Every structure is written in C-alpha cells, then in structure tokens.
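Chemist: Have a look at this one.
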Amino acid sequence: MTDKPSPAPETIADGKAVHGVVAEFTDVDSLLAACRRVRDAGYTKADAFTPFPVHGIDSALGIKPTVLPWIALAAGLTGTCIALTMQIWMNGIDYPYIISGKPFISLPAFIPVTFELTILLASFGTFFGMWALNGLPRFSNPMFTSPRFDRATDDTFFLFLDAKDSRFDEAGAKNLLADLGGEFIEPVVEDNSSKVIPKGLLIALATVIALSMIPALIVGRMRVTKSSSPRFHIFPDMDFSPAKDAQVTSTLFADGRANRSDVPGTVARGALDWDLDFHTGIDMEKLASIDAPRAERLVAMMQSDQPTGSDEPAAAAEKPATEETATEETATEETADEKPAVEEVDGEKAEATEPDAKAEESKEEEPKQEAKPKAETAAPEKLESATAEPTEPATDKTPWLSENPLELTSAVLERGQQQFGIYCSVCHGMNGTGNGLVNRRAQQILATTWTPPSNLHESTLFEDAYPDGKLFSTITNGIRKMPGYASQIQAKDRWAVVAYVRALQASRNGSLEDVPASQREKLKKQQIDVKAKLKKIAEAEAADAEKASS
C-alpha cells in the first residue's frame with residue numbers, strides 16, 4: 001500500500017506568514033535524539049507531537065516545569081482564606097451564636113466549608129490556568145494546515161521549530177532538521193480560512209442564551225408575586241411523603257397509632273433503673289406518707305408504658321367495665337366538685353382549695369374509691385400543672401431531695417458544664433445570669449410574648465430555697481416558657497447540670513482562698529489587669545464629663 005501523493009506545501013512565496021518548520025520522524029529514538037540536538041543548538045521554542053506519550057521527551061526538549069501547580073496552590077489558599085474569614089465574620093463577629101456549646105470561632109467546625117471552598121477554587125485555578133497557559137481558546141492551529149500532520153495520531157512523530165524563537169531562520173532550521181534525519185521537512189504557514197463566526201451560529205447562541213433566561217425570570221416572578229394555584233412539584237414523592245407525625249391516627253397499626261409503641265416490659269440495654277427518687281427528684285417514702293395517691297400515680301407512671309385516661313388506646317377503651325371500675329367512675333362523679341384544683345409537681349402551682357377533713361378521711365379509708373378526675377389520674381406528673389392557677393399563694397409541700405444523688409467529682413461538674421453550655425446557655429447565658437443569646441435577641445426585636453429566663457444567681461433559686469430535687473424536676477418537666485428536657489438529656493446528665501448550677505451559684509461568693517494554689521497567681525494578675533482597665537475607663541468618662549460641663 002502506497003501513500004497518496006501529498007500536495008506541495010505552501011511557502012512564504014505564497015504570501016502567507018511562516019510560523020515555523022516541521023519535520024517527520026519514523027521512530028521514537030530518532031525523535032529523542034533530534035530533540036536533544038535541537039535543545040543543544042539553543043532552540044527554546046520547540047515542540048514534539050507523538051501518537052502516544054514518550055517518557056523523557058520533556059527533558060530532551062528542555063521544557064521547564066509548568067507553573068500550573070503554583071496557580072492551583074494560590075487559588076486553593078485563596079479559597080481557604082475566604083472560607084475562614086467568611087465563617088469567622090458570620091459566626092463570631094457579625095452574628096455571634098453558640099451552636100451545640102461550641103465557641104464562636106471553632107476551627108474544627110469550620111473545616112467542612114473551608115475544605116469545600118479550597119477544592120472549588122483550586123479546581124477553578126487549575127482549569128482556567130491551563131487555558132491561559134495554552135493560549136486557549138483558539139479557533140485553529142497553524143499545524144493543521146499540513147495534511148500530513150493528521151498522522152500524528154497514528155504512526156508518525158513530528159518535531160516543530162517555532163518561528164518566534166530568537167535563533168529561528170527558515171533555511172537554517174530546514175538544514176538542521178535534515179541533518180537530524182527528518183523527513184518531509186516543510187514550513188508551517190498561517191491558516192487563511194475565515195475567522196468570522198458564521199451568522200447562523202451567532203443567532204443560535206443568542207437564542208440559547210435568551211431561552212436560558214426564561215427559567216430565571218419565572219423563578220424571579222414567583223418570588224415577588226402570589227398565586228392561588230398549587231406549586232408545581234417536580235418530584236412529588238419528596239413533597240407528599242407518606243411519613244406520619246407522632247400524634248396522628250393512621251391505619252398503619254391496629255391500634256390506630258402512627259408510631260409503634262415500645263414492647264411492654266422491655267427497656268434499653270443498661271437502662272433498667274427503677275430508682276424513683278433519682279428520676280423524679282422526690283423522696284418517695286416521705287411523699288407516700290403525706291400524699292399516698294400522688295405517690296401511686298408517680299409509681300404507675302414510671303412502671304407502665306401504656307397511656308391512660310384521655311390518651312388510652314381504642315382497644316383498651318373497649319374492655320368491659322368491671323365492678324371496681326364502675327365504682328370508681330361513680331365516685332368520680334359524686335366527688336368531682338369536692339376535688340381540689342390540680343397541683344404543680346415542682347411547686348409552682350398548688351391546690352386552689354383544701355378538702356374538708358371528712359373527705360380526707362374517706363380517701364384514706366377507701367383508696368379505691370378516691371375521687372380522681374380523669375385528666376389528673378391519666379396524665380403523668382408533669383401534666384398536673386396544666387389546668388388551674390392557684391387562687392392564693394400556697395406552700396410547696398413536696399419532699400424534694402435536698403442533696404444531689406451523684407458523687408460530686410470534677411468529671412461530673414465538667415459533664416454538667418458541657419450539657420449546660422449546649423442546652424441552657426442559649427437562654428440563661430454561660431454565667432447563668434439569664435442574659436443568653438436568645439434572650440438578647442428577644443429584647444432586640446422587642447418580642448412581646450417572650451418570658452425572660454431566670455437569673456440563676458437569685459436568692460430564691462439557691463439550694464436552701466430551691467432544693468436540688470426541685471431544680472432537677474424543673475429541668476425535667478420545664479416551667480413557664482421553658483420546655484422539659486427529659487427527652488433530650490439523660491437523668492444522670494440532668495443531675496450533673498444541677499451540680500454545675502450549684503457550682504455557678506457558689507462561684508459568685510467565692511474567695512481567692514477557694515481557688516487552687518497553682519492558679520491563684522494567674523487570677524491575681526487578671527484581677528490587676530481588670531482593675532487597671534476599669535480605672536482607665538473611669539478616668540476617660542470623668543474627662544469627658546469635665547469637657548462637657550466646661
């Protein structure tokens with residue numbers, strides 16, 4: 001098979017500018033030898049084209065390492081600085097907000113965004129840097145004016161000497177390539193094809209750009225207008241999920257609930273703990289002696305996972321009434337008017353009226369016929385405060401635990417500090433004064449329904465007036481606007497928070513002698529620095545006042 005005769009190459013005599021000279025080589029060894037000779041001859045603008053990668057050809061041509069890695073490094077470092085500056089400004093300066101107890105400037109928490117922005121800008125720098133270093137985009141390359149150059153992707157090797165080289169001379173370049181064993185040596189001339197973009201292509205591009213703006217305009221219009229039509233759901237399964245909320249009816253289970261209840265009689269591994277004192281903050285023995293019905297309800301609540309009263313499942317409601325339950329219902333109807341209003345478990349609300357002595361005696365003699373309103377009997381202890389306000393102040397007679405059942409160690413206090421910082425500090429503040437971030441925000445926007453959190457350093461919340469058990473119950477069940485945290489904080493951690501709150505309160509009245517000797521010098525230095533700053537501020541204020549008066 002013979003090659004087709006190639007057309008005669010165009011030269012400078014044809015009125016076209018010469019961009020260089022190219023020669024063909026039949027094997028890799030001769031190409032590498034020619035590259036070394038060209039490099040030794042002083043040519044710095046030479047290039048080789050091969051159908052496959054050739055190891056060592058860069059050094060043979062004297063090509064210097066590319067600066068592209070440095071461009072990628074600079075772009076990546078720029079992304080790192082932008083990400084860190086952005087997050088520090090947003091979370092630590094412009095809108096400081098404690099998230100999960102982390103400090104305002106938390107570098108470990110900033111790593112994901114920093115990593116992503118570093119990779120993003122490094123990839124942009126690599127991509128566009130490669131374009132710039134290669135002189136892209138280019139509509140054509142003068143090398144394609146040679147019909148034989150198509151074989152560079154098949155079986156032929158090409159060596160090109162650029163006319164921009166300071167040592168370039170067309171005749172001398174041809175002689176050098178011929179001496180190196182080059183074949184079909186010819187000049188590379190400029191492509192004279194039209195550089196004008198076809199009008200049809202311009203129209204097509206303009207049409208595509210115009211059409212691409214339509215979705216953006218539609219989205220913009222939807223954001224500033226209102227519509228009575230439902231929105232269009234591209235993926236309806238994501239908007240109309242069959243998931244059910246916890247307190248709705250469903251056909252999923254036989255009892256009509258949307259969520260499956262725990263199997264009766266089972267507990268989580270390691271959670272078998274029936275110490276009612278520990279879980280309620282109340283001395284149950286004392287409570288049983290002064291208010292046996294309430295103690296019974298607490299025991300029933302802790303030992304049964306089946307809802308009762310108004311929350312009783314339909315299956316339980318269909319059970320035939322026994323003689324005993326009928327008697328209880330009759331007693332409820334007869335004595336409902338005599339039953340006092342419900343009381344608060346932590347003493348915030350108490351019974352509005354006191355039953356007479358006869359009713360109290362009848363309750364002790366016939367506990368089964370005790371007058372228990374349905375809502376009070378059914379709900380947990382936490383719900384006893386949901387319905388009535390006291391008509392007059394009443395004394396809390398609940399026998400709260402006066403001492404923390406945990407052994408107070410540094411580990412317990414550190415755990416309490418951690419949990420306090422996560423759940424309590426956003427409202428009560430890190431120092432417990434009640435001026436946390438949420439409270440400051442509510443004051444800033446003048447929230448009319450906001451109830452300020454308590455200052456934990458008030459005397460009414462000290463241990464002698466507010467026992468540890470009562471504080472534990474408040475954390476568990478909530479109070480006023482504060483929700484209960486029983487579902488979020490384990491009982492052990494709630495007691496740890498109580499211990500930390502007591503430590504916060506004690507710290508207000510602490511002296512330097514209470515601090516370990518190893519840290520006293522540091523505190524003394526800080527004390528001196530603070531006093532010096534306060535003195536400077538006072539002097540500046542006095543000077544300003546004197547200037548204003550004069």
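The values are calculated or read from the model by the stated rules, or taken from the named source; none is laboratory data. Worth saying up front: this structure is predicted, and the values here are computed from it rather than measured. Positions of Cβ are backbone-derived with ideal geometry, glycine not excepted, and every protein chain shown enters the neighbour counts. When the accessible area is computed, the model is the full protein with side chains, heavy atoms only, and any ligands, DNA or RNA have been set aside. Shrake-Rupley method; radii C 1.70, N 1.55, O 1.52, S 1.80 Å.
Chemist: Restricting to region 159-175, name every residue that is touching a Lys or Arg at 6+ places or on another chain (Cβ under 7 Å) and either basic (Lys, Arg) or in a loop (DSSP other than H, G, I, E, B) (or both).
Modeler: As a first pass, look at region 159-175 and keep what is touching a Lys or Arg at 6+ places or on another chain (Cβ under 7 Å): 162, 164-165.
Residues satisfying the conditions are LYS164, ASP165.
Chemist: Further question: I want to confirm something. Restricting to region 396-426 and keeping residues that are touching a Ser or Thr at 6+ places or on another chain (Cβ under 9 Å) and outside any loop (DSSP other than H, G, I, E, B), which single residue is least open to solvent (accessible area, probe 1.4 Å)?
Modeler: Within region 396-426, the match that is least open to solvent (accessible area, probe 1.4 Å) is GLY421.
Chemist: All but one of (1) among the small types (Gly, Ala, Ser); (2) under 30 Å from VAL18 (Cα atoms); (3) surrounded by 14 or more Cβ atoms within 10 Å (Cβ to Cβ) hold for ALA109; which doesn't?
Modeler: Only one criterion is unmet by ALA109, namely (2).
Chemist: Only one of these is modelled with pLDDT of 75 or more and loosely packed, with under 10 Cβ neighbours inside 10 Å: VAL219, VAL248. Name it. Can you show your working first?
Modeler: Numbers: VAL248 fails: loosely packed, with under 10 Cβ neighbours inside 10 Å.
Criteria check complete, one pass: VAL219.
Chemist: Also, I was wondering about something else. Might you check whether a residue that is over 50 Å from the mean Cα position of the chain (by Cα), surrounded by fewer than 17 Cβ atoms within 10 Å (Cβ to Cβ) and on the phi < 0 side of the Ramachandran plot occurs anywhere in region 79-86?
Modeler: no
Chemist: Now, a different point. For region 492-508, does any single residue satisfy the condition of being at negative phi, open to solvent by 70 Å² or more (accessible area, probe 1.4 Å) and modelled with pLDDT of 85 or more?
Modeler: yes
Quick grid of which residues meet (1) part of a loop (DSSP other than H, G, I, E, B); (2) of a type in the set (A, V, I, L, M); (3) at pLDDT 90 or above; (4) out of contact with any Cys (no Cβ under 9 Å at 6 or more places or on another chain):
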residue: ASP3; (1), (2), (3), (4): yes, no, no, yes
residue: ARG37; (1), (2), (3), (4): no, no, yes, yes
residue: ALA48; (1), (2), (3), (4): no, yes, yes, no
residue: PRO51; (1), (2), (3), (4): yes, no, yes, yes
residue: THR78; (1), (2), (3), (4): no, no, yes, yes
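Chemist: So, one more: Output yes when any residue across region 151-173 is over 25 Å from ALA41 (Cα atoms) and at pLDDT below 85, and no when none is. Spell out the reasoning first.
Modeler: Within region 151-173, the subset over 25 Å from ALA41 (Cα atoms) is 151, 153-155.
From what's left, at pLDDT below 85: none.
The answer is no, given that none of the residues of region 151-173 is over 25 Å from ALA41 (Cα atoms) and at pLDDT below 85.
Chemist: Is it the case that ILE88 is within 30 Å of LEU117 (Cα to Cα) and in contact with a helix residue (DSSP H, G or I) (Cβ under 9 Å, 6 or more places away or on another chain)? Quick ask: steps written out before the conclusion?
Modeler: Values: within 30 Å of LEU117 (Cα to Cα): yes; in contact with a helix residue (DSSP H, G or I) (Cβ under 9 Å, 6 or more places away or on another chain): yes.
Criteria met by ILE88.
Chemist: Collect the residues in region 176-192 that are assigned to a loop (DSSP other than H, G, I, E, B) and crowded, with 18+ Cβ neighbours inside 10 Å, keeping them in residue-number order. So that I can check it myself, show each step before the final result.
Modeler: Looking only at region 176-192, we keep the residues that are assigned to a loop (DSSP other than H, G, I, E, B), and these are 180-182, 190-192.
Matches in region 176-192: LEU180, GLY182.
Chemist: Taking the stated definitions as given, is SER454 hydroxyl-bearing (Ser, Thr, Tyr), open to solvent by less than 40 Å² (accessible area, probe 1.4 Å) and in contact with a strand residue (DSSP E or B) (Cβ under 9 Å, 6 or more places away or on another chain)? So that I can check it myself, show each step before the final result.
Modeler: Values: hydroxyl-bearing (Ser, Thr, Tyr): yes; open to solvent by less than 40 Å² (accessible area, probe 1.4 Å): yes; in contact with a strand residue (DSSP E or B) (Cβ under 9 Å, 6 or more places away or on another chain): yes.
So SER454 passes the test.
Chemist: For a quick check of your reading of the model, give me the residue pairs whose first member lies in region 188-200 and is touching a residue at least 24 places away in the same chain (Cβ under 8 Å), whose second is of a type in the set (D, E, K, R) and open to solvent by 60 Å² or more (accessible area, probe 1.4 Å), with beta-carbon atoms closer than 9 Å and at least 6 apart or on different chains.
Modeler: These pairs meet every condition: VAL189/GLU10; VAL189/ASP14.
Chemist: Name the helices (runs of 4 or more DSSP H) wholly within region 442-550 that hold at least 1 residues that are free of Cβ contacts under 8 Å to residues at least 12 places away in the same chain? Please lay out each step first, then the result.
Modeler: Values: elements: 468-477, 491-508, 517-549.
In region 442-550, 491-508, 517-549 are the helices (runs of 4 or more DSSP H) which contain 1 or more residues that are free of Cβ contacts under 8 Å to residues at least 12 places away in the same chain.
Chemist: For region 39-51, what are the residues that are surrounded by 15 or more Cβ atoms within 10 Å (Cβ to Cβ), among the aliphatic types (A, V, I, L, M) and more than 22 Å from ASP155 (Cα to Cα)?
Modeler: Once the filter is applied, which keeps residues that are surrounded by 15 or more Cβ atoms within 10 Å (Cβ to Cβ), among the aliphatic types (A, V, I, L, M) and more than 22 Å from ASP155 (Cα to Cα), region 39-51 yields nothing.
Chemist: For residues that are open to solvent by 70 Å² or more (accessible area, probe 1.4 Å) and not basic (Lys, Arg), tally how many sit in region 122-152.
Modeler: So the count comes out to 13.
Chemist: Another one. Determine if region 524-534 includes at least one residue that is surrounded by 11 or more Cβ atoms within 10 Å (Cβ to Cβ) and at pLDDT below 80. Even if it seems obvious, please write down each step before you answer.
Modeler: Filtering region 524-534 down to residues surrounded by 11 or more Cβ atoms within 10 Å (Cβ to Cβ) leaves 524, 527.
Filter once more, keeping what is at pLDDT below 80: none.
Checking region 524-534: not a single residue is surrounded by 11 or more Cβ atoms within 10 Å (Cβ to Cβ) and at pLDDT below 80.
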